[in-house]
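Student: The structure is given below, and queries will be raised subsequently.
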Amino acid sequence: MITTEQVAHLANLARIALTPAEIDKLTGELGTIVDSIAKVSEVAGPDVPATSHPIRLVNVSRPDVPGATLSTEEALAGAPEHDGARFKVSAILGEEQ
Amino acid sequence: MTFTRMTASELGEKLAAKEISSVEVTKAHLDRIEAVDGDIHAFLHVSASALSTAADVDSRRLAGEAMGPLAGVPIAIKDVLCTHDMPSTAGSRMLEGWTPPYDATVVRKLREAHLVPLGKTNMDEFAMGSSTEHSAFGPTHNPWDLERIPGGSGGGSAAAVAAFEAPLALGSDTGGSIRQPAAVTGSVGVKPTYGGVSRYGAIALASSLDQVGPVTRTVLDAALLHDVIGGHDPRDSTSLRDEWPVFADAARAGRDGRSLKGTRIGVVKELNGEGFQAGVRSRFAEALDIMSAAGAEIVEVSAPNFEYAIAAYYLILPAEASSNLAKFDSVRFGLRVNPAGGGTVEDVMAATREAGFGDEVKRRIILGTYALSAGYYDAYYGSAQKVRTLIQRDFDAAFEKVDVLVSPSAPTTAFKLGEKLDDPLAMYLNDITTIPANLAGVPGMGLPMGLAPEDGLPTGMQIMAPARADARLYSVGGALEALLEDSWGHTMISQAPALEPTEMFAARGGEV
Amino acid sequence: MAKPELMDYDKAIELFEPVLGFEVHVELNTRSKMFSDAPNPAHPDFHVAEANTQITPVDLGLPGSLPVVNEEAIKYSISLGLALGCSIAPSSRFARKNYFYPDLAKNYQISQFDEPIAFDGNVEVELADGRTFQIPIERAHMEEDAGKLTHVGGATGRIQGAEYSLVDYNRAGVPLVEIVTNIIYGAEGDAPELAKAYVSAIRDIVVSLGISEARMERGNLRCDANISLSPRGSGKLGTRTETKNVNSLRSVERAIRYEIQRQAAILAGGGTIIQETRHWHEDTGRTSAGRPKSDADDYRYFPEPDLLPVEPSTQLIEELRAALPEPPAVRHRRLKESWGFTDLEFQDVVNSGLLVEVEATVTAGASAQQARKWWTGEIARLANAAGEDAATLVSPQQVANLVALIDDGTLTDRLARQVLEGVIAGEGTPAEVVESRGLAVVSDDTALIAAIDDALASQPDVLAKIRDGKVQAAGAVIGAVMKAMRGQADAARVRELVLERANA
Ligand SMILES: [Mg+2]
Ligand SMILES: [Zn+2]
């Protein structure tokens, strides 16, 4: 059973300021969806390996050679706010991880 | 015949022979867009430089520059792909007006092959949806019936080619977003083998499922476009280093031979049962008969784990999407919404994401966050990745017995706009036929299979091949397309309604 | 901030057993970044740059961009893993660590989680008295650095009270290896010294491998120190704190000592330790409370779908193993012998954490004794006064140049100390400082003779005594001459000339 508290916690993790009405609606929808997809846990036994890439490749890398960089104009062009060189954000509440 | 009714391969040949110019062809398509896109709304943005690009191609050709078979042919580009000269919004408010400082690799390849970008096509927001109703900029309408959905998420690209606004388009397919729209609009679409086409510059939905592919009106055109966009890209770690055959050769050989002698065709038992519309099933049966008559050996195969594909998909996709979409935080690009009374950057991010994402996107982000969160990971995400292994094993076992697998591309014809909007689960079930190929990374093609007798709307055939055997899609698809057209006496798309010019919306419809 | 109670250190150790753990982040000095081909600011060629100029769409996390692993960073990580005595995983993979923070462009960090590239190692460290201690290494994994935030307004550059912040993503994507120890028991009262010795050992290793600039003050090497106190006889682990922002070897030692005293005072007073990050403040010598850690930290790790497993061949691993520099203990023995140092002299160098500098100075041409003398003497003294690590003040090449100037008679030790000050003040190379400050020994006899004749003429009584054979009397004249020459004369030569002129 998914609760509204859980959905509110998930919304916080996902940084979405859901309204109480949205949380209520999502709680119901998620419950239905999760009920219908929970069966995945019953199919595969412990001997079945997980597949995270459909086509398995290994050791894909690139040579250590610097290439072209964005110009300052290109980098900042889409920014909602900047000081001409750096991106500007409101005061930060939390600390770095 | 007017330019807009010609296939890309025909246009390419006439352009190469200098019988026609790219400027004429491009102009004809821009005129068509102007005439009908007010009703269709396939485009979110129409390029202001298409004609000058076309003129440049023409002058290069006159100067004797060697060019590929699609040089000078116009193309529509799904808005999920980054274009340095056009906004790239992925159908989201979040990216309204954002022009990336770079081109997606596939877009760069189009330009290098001298195709002419016409504009950007509409889609479900961040490719989440099966109807294009989840676009932040309004839905696209199906050219066969304006009251109906064009499929999704790439409804814009499919509608653009089906409405003769473009001979070619690019799409992206995470769980069927190329093949399902193809089915309901009577067009052709291919999801290549995972890694066959670069994902660099394709705004990611689910990284392990996404593939960019061609959206066209014929199998040959899809092959020609696949030849342009395919191949290794060092900027995409998951890109395959394979040497690919020329897919156009495979398509031509299939079409010219009109023979399926000795081809073993597997009918997936699990993808043709209950819940499939009668007209879809009858057209599918007819197509099987035609293939059988052409020498194919039709075999029923079972893929027992396909039953779990949708469940696995709706865990893997939201999980990866919840992480991929975290970058939309109002710091470096895109929308910023400041909460009333100000707030910390955390508040600004949360307010922006609340205002910038639509309901379906929020639903999937929350679902994905749940699937990955501590305590649920093993049961949900971990199990889903195991189901993926089982589905791959089903494919492996099936391809031991047959050369290709077939099923209807979609369980029904196009449903009405709004019909499933309030029932996300019903919407998700729409992708039942297409999802297994994404989970396993194998290539799949959707092509027209005839109109359903009960509603006169298009149905689609899906062909799936083993990973890296994309050429089989084109040889079998090319043959089936020719055989069906022989039996009908015309192409299916030629039966689409003419679409009257809509005077009210004539001005460069739907630019954002 | 009220000044917290601290327990006397010896008393704290009597009552509690300190339990340690370290996470050290090493910035690799590859030419390009971990997952993009932007120039890497942790490489010396790319140190200085305007904000947001060392970035590509990948580093900005632009929609559609994708990471590709730097093959050199993989090799560096394997070499480091081997040097830490780790096993190299036959298959390791990247994972996404999901959390929102403005310096993290994608709002997830590409790191390694359940399958790190190196695991189960061991590092031997040496304490000042020559005892050795084994530090167990749990893992070393590859990841990417975040961008840099500047907090504007409010209290001086602190995050609290700032009006807004500015983000520079040049550092985003710099290749990191994070080295995580197992829980370390048995350090006892040596805990602070052991901490310093451990970080110093890691620094020696990465420097000898040549894979990092390893400058703590620049953030090339960063240490998060976990510490908890277990009441003696309780058999129970205490609650730990994680101290960050420890950006010198010296502060590693001080921060651990401080935390032991602080935690002991709280526990002895019946209080409880809060599991939290703490920030070290070099100026006040204290730590302050930071972000509380909780189980609610849910990073939602999952395998990075945009990257593929790393499966180094046995051949590659063995090639890298063969190319490893000698282990520190062997190296110490070799250096001590070749430099001809006594046990005490060598231990002095090791304890001051200046082995790398002394070795580099010798390589640059100085004699081992001179290199030792300058680094552990005057430079260490100045560093201590400035509260910085000696290595940050001058380069080994500059010290070698200084020694060369002494050796060729251009400078006396006294003058050399002044030149050193000039070099540290950024006035240029030793030769340039000699030139600009006019500090060279006066080697022109004409100038000396003139000064001597002056001095003798103004002290006729002294002159008489010298002529009488009372050579000690020359001291007064020598002193006057040295004063007149503002110290820039060789006293022995002056003495020679005084006797010569007096008896002429
Ligand atoms: Mg840490
Ligand atoms: Zn780390």
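Student: Rounded, prolate or oblate for the protein assembly as shown? Axes are the square roots of the Cα gyration tensor eigenvalues, ordered a ≥ b ≥ c, and the cut-off for rounded is a/c under 1.5. The partial results should precede the final answer.
Tutor: Values: a/c = 2.64, a/b = 2.11, b/c = 1.25.
The shape class here is prolate.
Student: Could you please rank B:ARG148, C:ARG31, placing first whichever residue has the fewest other Cβ atoms within 10 Å of its Cβ?
Tutor: Arranged by neighbour count, lowest to highest, B:ARG148, C:ARG31 become C:ARG31, B:ARG148.
Student: Could you list B:SER322, B:SER239, A:SER52 so that the one with the fewest beta carbons within 10 Å of its beta carbon is first and the one with the most is last?
Tutor: A:SER52, B:SER239, B:SER322
Student: Roughly what percent of Cα-Cα pairs across region C:173-272 reach past 23 Å? Walk me through the numbers before you get to the answer.
Tutor: On the way: 1529 of 4950 pairs.
When every Cα pair of region C:173-272 is considered, 31 percent fall beyond 23 Å.
Student: In percent, what relative contact order does region C:245-294 have, based on Cα pairs under 8 Å that are 6 or more apart in sequence?
Tutor: For region C:245-294, the relative contact order is 35 percent.
Student: Further question: With the contact rule set at Cα under 8 Å and sequence spacing of 6 or more, what percent relative contact order holds for region A:4-97?
Tutor: Normalised by residue count, the contact order of region A:4-97 is 13 percent.
Student: Then there is this: Any idea how far the Cα center of region C:83-105 sits from the one of region C:245-302, in Å?
Tutor: About 24 Å separates the Cα centre of region C:83-105 from the one of region C:245-302.
Student: Where a ≥ b ≥ c are the square roots of the eigenvalues of the C-alpha gyration tensor, would you call region C:326-437 rounded, which needs a/c under 1.5, or, failing that, prolate if a/b is larger than b/c, or oblate?
Tutor: Values: a/c = 2.20, a/b = 1.62, b/c = 1.36.
In terms of gyration-tensor shape, prolate.
Student: If we count other beta carbons within 10 Å of each Cβ, what is the order of B:PHE328, B:PHE357, fewest first?
Tutor: Placing the least packed residue first, the sequence is B:PHE357, B:PHE328.
Student: Using only DSSP helix segments of four residues or longer, with each worth -39500 (n - 2.57), what per-residue ellipticity at 222 nm results for chain B after dividing by its residue count and rounding to 500? Working shown, then result.
Tutor: Numbers: 16 runs with 194 residues, N = 512.
About -12000 deg cm²/dmol.
Student: Let a ≥ b ≥ c be the square roots of the eigenvalues of the Cα gyration tensor of region A:4-43; is it rounded (a/c under 1.5), or, if not, prolate (a/b larger than b/c) or oblate?
Tutor: Note, shape of region A:4-43 comes out prolate.
Student: Treat chain C as a sphere of radius equal to its Kirkwood radius over Cα pairs and apply Stokes-Einstein at 20 °C in a medium of 1.002 mPa s; give the translational diffusion coefficient in µm²/s, rounded to a whole number. Working shown, then result.
Tutor: On the way: Rh = 26.1 Å.
Roughly 82 µm²/s, to the nearest whole number.
Student: With just the Cα atoms defining each centre, how far is region C:12-59 from region B:260-336? Give it in Å.
Tutor: 45 Å
Student: Taking the Kirkwood radius as the inverse of the mean 1/r across Cα pairs, report the Rg/Rh of region C:445-503. Could you put the intermediate results ahead of the total?
Tutor: On the way: Rg = 10.0 Å, Rh = 10.9 Å.
Using Cα coordinates only, the ratio equals 0.92.
Student: Under 5 Å between amide hydrogens, which residues at least 5 positions from C:ARG286 or on another chain qualify, with H placed 1.01 Å from N in the peptide plane?
Tutor: Amide H neighbours of C:ARG286: C:HIS281.
Student: State, as an integer percentage, the relative contact order of chain B based on alpha-carbon contacts under 8 Å between residues 6 or more apart.
Tutor: Working: 1265 pairs, mean separation 101.0, N = 512.
Result for chain B is 20 percent.
Student: Modelling each spin label as a point 7 Å along the Cα-to-Cβ direction, I'd like the A:THR3/C:TYR185 distance in nm, to one decimal.
Tutor: 3.9 nm
Student: Volume per residue, Å³, of the convex hull around the alpha-carbon atoms of region B:345-483?
Tutor: Per-residue hull volume (Cα only) is 166 Å³.
Student: What net charge is computed for the residues neighbouring C:ILE274, neighbours being all others with C-beta under 12 Å from the C-beta of C:ILE274, Lys and Arg scored +1, Asp and Glu -1? Please list the in-between numbers first.
Tutor: Details: positive: C:ARG240, C:ARG262, C:ARG278, C:ARG291, C:LYS293; negative: C:GLU242, C:GLU276.
So the environment of C:ILE274 carries a net charge of +3.
Student: Roughly how many whole Å is it from the C-alpha centroid of region A:30-61 to that of region C:428-487?
Tutor: 88 Å
Bear in mind these aren't lab numbers, they're just calculated from the coordinates by the rules spelled out. As the structure is a prediction and not an experimental result, all values here were calculated from the model. With ideal geometry, Cβ positions are generated from the backbone for all residues, glycine too; neighbour counts draw on all protein chains shown.
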